[in-house]
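S.K.: First the structure, then my questions, so here it is.
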Amino acid sequence: MTEIMTTRGLIKPEELGITDYHEHLYVEPPGWLHKIDPDFALNSVDKSTEELKRFSQAGGRTLCELTAVDFGRNVDKIKAIADNVPDVNVIMTAGYNRPYYMGRWLASVSEADMIRDTVRDLLKGIDGTDVKAGIIKCGTEYNNFNANGQKLVRVAAAAYRETGRPIITHTTAGTMGYEQASLLIEQGVDAHRITLSHMDRNLDVFDHIRIAKMGVYLGYDSFGKAKYGPETDRLSALRQLLDAGVGNRVLIGNDLGRPSYWKAYGGGPGLDYVLTEIRERMLKTDFTQSEIDMLLVDNPRRFFAGETGG
């Protein structure tokens, strides 16, 4: 399936341009989660619009909105934000984030029903609208690949078999990526249609090279978050992946799912951070423009188009 589904319909791979593979624009977190941590609530269409415009002004052309139903997806609000910034393609998500957010719900809903709902979001529309998702999501917990996590992975794989849409997973702190990829492939998912998010939260370059050589994409999306280590460590790992010949299996994002990360809310680093400060830092060190273009443009195009080479 070479065309990509956005909030405004299908686009061709060459229309993607500079792509942030993992982001959030509007989040209504579950009540219990909001009580624990109110910083998850991204609930202003106006401020999200302001932030998305900043991304567009920095050259961004496609943003993957990875808010799943169990984390507080709101299709109408996300569509409104996307419509406010027509220069940016917004791709929405079907499937589920991780067992922690689902709680008892995960045990009470059958696998068949979860597959049905995921496929519906991809082929018919989300929550009764005609807006279709273009990404399938699943996730697991920290250092844990138990039955609950495996269930979500199987649901994503089944949805892939029915629709051909790519899968972007959640790895908690960059763990269980190899296990996720292995089960997805065992369940019939093509390796080049899988991206593992948050892998730069566990900068084990040996493991990342092993995964990339399977044909799976690695998601690096912790830029601007000092709590996950300094930028020099992330850029050093990226350099090692490029030098090892697997830089064609890396996608770049920012995963700024908190208002405290957004300039529109008075925080930072903002949705333009990778395209401004990080890109400038890369150019001032030992990254070439062609390598940056590969990471931000060529790799996401190949991933979403389903190209096997690169």
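S.K.: A133 passes all but one of (1) under 17 Å from the mean Cα position of the chain (by Cα); (2) in a helix (DSSP H, G or I); which number fails?
M.R.: (2)
S.K.: Turning to a different aspect of this structure: Restricting the search to the stretch 259-306, which residues are among the charged types (D, E, K, R) and modelled with pLDDT of 95 or more?
M.R.: K263, D272, E277, R279, E280, R281, K284, E291, D293, D298, R301, R302
S.K.: Scan the stretch 255-273 for residues that are hydrophobic (A, V, I, L, M, F, W, C) and touching a His at 6+ places or on another chain (Cβ under 9 Å) and jot them down.
M.R.: L256
S.K.: Looking for whichever is within 27 Å of V297 (Cβ to Cβ), part of a helix (DSSP H, G or I), touching a Cys at 6+ places or on another chain (Cβ under 9 Å) and not small (G, A, S) here; the options are L238, L184. Which one fits?
M.R.: Working: L238 fails: touching a Cys at 6+ places or on another chain (Cβ under 9 Å).
Going through L238, L184 in turn, just one is within 27 Å of V297 (Cβ to Cβ), part of a helix (DSSP H, G or I), touching a Cys at 6+ places or on another chain (Cβ under 9 Å) and not small (G, A, S): L184.
S.K.: Taking the residues in the stretch 167-178 that are among the polar types (S, T, N, Q) and surrounded by 24 or more Cβ atoms within 10 Å (Cβ to Cβ) as candidates, determine which candidate is farthest from V189 (Cα to Cα).
M.R.: Across the stretch 167-178, the extreme among qualifying residues is T171.
S.K.: Now, a different point. Out of the residues in the stretch 140-166 that are in contact (Cβ under 8 Å) with a residue 60 or more places away in the chain and not in a helix (DSSP H, G or I), state the one that is surrounded by the most Cβ atoms within 10 Å (Cβ to Cβ).
M.R.: That would be R165.
S.K.: What helices (runs of 4 or more DSSP H), lying completely within the stretch 244-310, carry at least 3 residues that are surrounded by 17 or more Cβ atoms within 10 Å (Cβ to Cβ)?
M.R.: Working: elements: 279-284, 289-293, 299-305.
Ranges flagged: 299-305.
S.K.: For the stretch 106-124, name all the residues that are part of a loop (DSSP other than H, G, I, E, B) and in contact (Cβ under 8 Å) with a residue 40 or more places away in the chain.
M.R.: Selection gives nothing.
S.K.: Also, quick follow-up: Here's a check for you: in the stretch 185-219, which residue that is out of contact with any Leu (no Cβ under 7 Å at 6 or more places or on another chain) and in contact (Cβ under 8 Å) with a residue 40 or more places away in the chain is surrounded by the most Cβ atoms within 10 Å (Cβ to Cβ)?
M.R.: S197
S.K.: Taking the stretch 280-306 as the region of interest, how many residues are under 25 Å from R193 (Cβ atoms) and of a type in the set (K, R)?
M.R.: Matching residues across the stretch 280-306 total 2.
S.K.: Those residues that are among the hydrophobic types (A, V, I, L, M, F, W, C), buried (at least 21 other Cβ atoms within 10 Å of the Cβ) and over 22 Å from V274 (Cβ atoms), I need them from the stretch 1-49; list them, please.
M.R.: M5
S.K.: Do you know which of the residues in the stretch 187-227 that are within 12 Å of G253 (Cβ to Cβ) and part of a helix (DSSP H, G or I) is nearest to the chain's Cα centre (by Cα)?
M.R.: M199
Table: residues versus (1) out of contact with any strand residue (DSSP E or B) (no Cβ under 9 Å at 6 or more places or on another chain); (2) over 20 Å from R279 (Cα atoms); (3) of a type in the set (D, E, K, R).
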site	(1), (2), (3)
K213	yes, yes, yes
D221	no, no, yes
K225	yes, no, yes
Y228	yes, no, no
S236	yes, no, no
R239	yes, no, yes
D243	yes, no, yes
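Residue-by-condition table, conditions (1) buried (at least 23 other Cβ atoms within 10 Å of the Cβ); (2) within 19 Å of the chain's Cα centre (by Cα); (3) of a type in the set (A, V, I, L, M, F, W, C):
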position	(1), (2), (3)
D87	no, no, no
A94	yes, yes, yes
M102	yes, yes, yes
L106	no, no, yes
V109	no, no, yes
I115	no, no, yes
T129	no, no, no
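S.K.: So which residues in the stretch 278-292 are farther than 19 Å from L251 by Cβ and charged (D, E, K, R)?
M.R.: Once the filter is applied, which keeps residues that are farther than 19 Å from L251 by Cβ and charged (D, E, K, R), the stretch 278-292 yields E280, K284, D286.
S.K.: Sort out which residues of the stretch 245-291 are in contact with a strand residue (DSSP E or B) (Cβ under 8 Å, 6 or more places away or on another chain), on the phi < 0 side of the Ramachandran plot and not aliphatic (A, V, I, L, M), and write them in order of number.
M.R.: R249, G253, N254, G257, R258, P259, W262
S.K.: Here is a further query. Residue check: is E231 over 25 Å from D293 (Cβ atoms) and surrounded by fewer than 22 Cβ atoms within 10 Å (Cβ to Cβ)? Outline the logic, then answer.
M.R.: Numbers: over 25 Å from D293 (Cβ atoms): no; surrounded by fewer than 22 Cβ atoms within 10 Å (Cβ to Cβ): yes.
In short, no.
The values are calculated or read from the model by the stated rules, or taken from the named source; none is laboratory data. Fair warning: this is a prediction, and the values are worked out from it, not measured in the lab. Note that we place each Cβ from the backbone using ideal geometry, even for glycine, and neighbour counts take in every protein chain shown.
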